[in-house]
Every structure is written in C-alpha cells, then in structure tokens.
1. Which residues, counting only those in the range 199-216, are within 25 Å of residue 126 (Cα to Cα) and either in contact with a strand residue (DSSP E or B) (Cβ under 6 Å, 6 or more places away or on another chain) or β-branched (Val, Ile, Thr) (or both)?
2. Any chance the range 165-174 includes a residue that's of a type outside the set (Val, Ile, Thr), surrounded by 16 or more Cβ atoms within 10 Å (Cβ to Cβ), within 22 Å of residue 152 (Cα to Cα) and touching a helix residue (DSSP H, G or I) at 6+ places or on another chain (Cβ under 7 Å)?
3. Sort out which residues of the range 217-228 are closer than 25 Å to residue 125 by Cα and buried (at least 19 other Cβ atoms within 10 Å of the Cβ), and write them in order of number.
4. Is at least one residue of the range 139-154 of a type in the set (Asp, Glu), part of a loop (DSSP other than H, G, I, E, B) and surrounded by fewer than 15 Cβ atoms within 10 Å (Cβ to Cβ)?
5. If you take the residues in the range 123-138 that are in a strand (DSSP E or B) and not aromatic (Phe, Trp, Tyr), which one is farthest from residue 221 (Cα to Cα)?
6. Just one of 143, 164 is out of contact with any Phe, Trp or Tyr (no Cβ under 7 Å at 6 or more places or on another chain) and at pLDDT 95 or above; which is it?
7. For a quick check of your reading of the model, give me the residue pairs whose first member lies in the range 209-221 and is in the same structural domain as residue 138 (by TED's automatic domain parsing) and over 13 Å from residue 138 (Cα atoms), whose second is buried (at least 20 other Cβ atoms within 10 Å of the Cβ) and modelled with pLDDT of 95 or more, with beta-carbon atoms closer than 6 Å and at least 6 apart or on different chains.
Amino acid sequence: MSLSPVKSIGIIVLSVMVMVWAEFYLPVRESVGLDLFRLGFRMYQTRASTMKMSLAMPKLVPEIEELTGSVKQLAEQFATAFTNELYIVVVPNGNRLSLRRGQKVLLEAVISTGKNDTLKYQGRKWVFQTPRGIMSVIRKKKDPIWIKPDWAFLEKGEPIPPQDSPLRREKGILGAFMLDLGGGVMIHGTPLENLLGRSVTHGCIRVGYDDLKVLYDSVPVGAKVFIF
C-alpha cells in the first residue's frame, strides 16, 4: 500500500516533532527545570501586553496635556494671589527651592529634602518625608541648636536619653540660620553642602549657606511656603 505525498510529509513532520520532544525538550526540562513551551507562551503574552500598552499611550496624550495646563494655571493663580508678598516654593521631587514675589523668581536654590524612608521601633514609627501643602514661617533663628529627637539616637544604635539630657543638644548641625515651619519641619543650613540636590533629610529642607542667608534676611515671619 503506497502513501500519498501529503501523508508521507505529515508522517515525516510528526516523526521530527517526536524526536525533538524526546531528544531535546524533555532532557532540557529535566536537567534545568525549564518548560520551554510555557516560557515561550509567557514571552508571547508579555510582548502582546507591551504592544497593547504602546497603542494605548497616544490616547493619554490629550489628558496629560490637559493636566499639565491645569497645574500651570493653578501655579499662576496662587502666584498672582501673593503679588505683593514674598513666598517660598519647594519642590521635593526635584530638590529645588525658589523665593518669589508674584510670578517673579528672586532666588533659585538647590536643596535637600526628605529621603522618604521609615523607621520603626517598639511600636513607634517615623516617616522621613518632607510634607506637602501650604505652611508658614512661624519663627526665625540665628545659630540654632538642634534638639535631637529619639530617632536620631536609634539610627546610630545609641540608647535614648532623657528629654532634658545635654546629649540632645547639638550645635552646628542646622547651619547658621533656621526658618521654622512648625511640626518639626524647618528650612535650615547644613555642614554637608556636598549632599545638596539629593533626598537625604529626615523631612526638613536643607539649604546652602549663601542661599539660606538670602532667605533669612528677606523672608519675614508669616510668609507662605508652598511645598508640592
């Protein structure tokens, strides 16, 4: 009995598939635990998902442009609201600070802001992040002394001293000037100006000496500070 050419080709292809399965696929799967067919299918799914996302991105462009326009409009509105007053704008994501009057920028400075880290100890929790929102300068101080909080000792593996311990008082760490925003948040100097531009603080806003002196000399108590 002779086979048709089509059946003959089908038998050859089937034989090759069986040989590949027995000689290649099963040994690889047994030796390295890798299912090549499943891996290939996952790669196909990943590629398909990526292509779907790429096709969807152009549809988001109008929404992104609209949102950008809204943010710009809001910035212009709050700037106009304080045309005759000095105010400070802090952008933690870019580690930048500006001193403004209305829409006019009087000073731009590279700063350091919160490192967005968390410390936990015996049920207590500290989140080292520069808070967003509208704050005010409640007081100013020259040559401020840092009253070290509990976390400052815990980070160094040191025991926590009593609240009135002289170990809590440290000179120089806040620089030459300080603008207090309340809630433990301050705009102050730093002996580590080489770290300016990086998110390394515990929530405060560090500024270099020259820029900080301008802020200290010109910004009055009560001035608004916008952090966003």
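The values are calculated or read from the model by the stated rules, or taken from the named source; none is laboratory data. A quick note: this is a predicted structure, and the numbers were derived from the prediction, not measured. Because the Cβ atoms are built from the backbone with ideal geometry, glycine has one as well, and the counts that use them run over all protein chains shown.
1. Hits for the range 199-216 are 200, 201, 202, 203, 204, 205, 206, 207.
2. No: the range 165-174 contains no residue that is of a type outside the set (Val, Ile, Thr), surrounded by 16 or more Cβ atoms within 10 Å (Cβ to Cβ), within 22 Å of residue 152 (Cα to Cα) and touching a helix residue (DSSP H, G or I) at 6+ places or on another chain (Cβ under 7 Å).
3. Selection gives 227 alone.
4. Yes, some residue in the range 139-154 is of a type in the set (Asp, Glu), part of a loop (DSSP other than H, G, I, E, B) and surrounded by fewer than 15 Cβ atoms within 10 Å (Cβ to Cβ).
5. Among them, the one singled out is 124.
6. 143
7. 209/189; 211/109; 212/177; 212/189
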